[in-house]
1. Please state which one of 55, 82 is closer than 20 Å to residue 112 by Cα, out of contact with any Pro (no Cβ under 8 Å at 6 or more places or on another chain), assigned to a helix (DSSP H, G or I) and at pLDDT 95 or above.
2. Return yes or no: is residue 64 at pLDDT below 95, of a type in the set (Gly, Ala, Ser), surrounded by fewer than 14 Cβ atoms within 10 Å (Cβ to Cβ) and more than 10 Å from the chain's Cα centre (by Cα)?
3. Restricting the search to region 45-66, which residues are touching a residue at least 40 places away in the same chain (Cβ under 8 Å), hydrophobic (A, V, I, L, M, F, W, C) and under 16 Å from residue 91 (Cβ atoms)?
4. For the condition in a helix (DSSP H, G or I), within 14 Å of residue 18 (Cβ to Cβ) and not small (Gly, Ala, Ser), what is the one hit in 46, 106?
5. For region 83-97, how many residues meet the condition of being over 15 Å from residue 44 (Cα atoms) and touching a helix residue (DSSP H, G or I) at 6+ places or on another chain (Cβ under 8 Å)?
6. Against the conditions (1) part of a helix (DSSP H, G or I); (2) surrounded by 16 or more Cβ atoms within 10 Å (Cβ to Cβ), where does residue 26 fall short? Just the number, please.
7. Quickly run through region 62-92 and pick out the residues that are within 27 Å of residue 16 (Cα to Cα) and of a type in the set (Val, Ile, Thr).
8. Just need a number here: residues in region 67-112 that are surrounded by fewer than 12 Cβ atoms within 10 Å (Cβ to Cβ) and small (Gly, Ala, Ser).
Amino acid sequence: MTEEKIIDPNITSDDKLWALLAYLLTPLIPIVLLLLEDKKDRPFLKAHYPQALAFGIVAWVISGLLSFVFVGCVTGVAALVFQIIWGIKAYNGEYVTIPVITDFVKKQGWAD
């Protein structure tokens, strides 16, 4: 797991809070951010909510498919731990790079 430690002075406390919530309450909050006109094009949020949404969906699918075995429970807990870590980093104004997910989201043009 690698993170970029770039901190932008133009990031508001509102941006940080929404980014935190996007990771913690995925996929609901990223979808809400996608629908909010004043939020969806904010550069800091656009770097976080698409990858939070993609990660949340992938984590739910994997946990759901593996839920009949113990591995599904472990996967769900591990995903929650990562979501908390990434949410805290976002709240501190950092840009987070999630392996595979970030590259996929950027190649699709969903994030900057």
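The values are calculated or read from the model by the stated rules, or taken from the named source; none is laboratory data. Please read these numbers as outputs of a predicted model, since none were measured by experiment. Glycine gets a Cβ as well: all are built from the backbone with ideal geometry, and neighbour counts include every protein chain shown.
1. 55
2. Details: at pLDDT below 95: yes; of a type in the set (Gly, Ala, Ser): yes; surrounded by fewer than 14 Cβ atoms within 10 Å (Cβ to Cβ): yes; more than 10 Å from the chain's Cα centre (by Cα): yes.
Against the criterion (at pLDDT below 95, of a type in the set (Gly, Ala, Ser), surrounded by fewer than 14 Cβ atoms within 10 Å (Cβ to Cβ) and more than 10 Å from the chain's Cα centre (by Cα)), residue 64 qualifies.
3. 47
4. Residue meeting the stated conditions: 46.
5. Step one: filter region 83-97 for residues over 15 Å from residue 44 (Cα atoms), giving 83-85.
Checking which are touching a helix residue (DSSP H, G or I) at 6+ places or on another chain (Cβ under 8 Å) leaves us with 83-84.
Of the residues in that region, 2 qualify.
6. (1)
7. Result: 75, 77, 81, 84, 85, 88.
8. Final tally of qualifying residues: 1.
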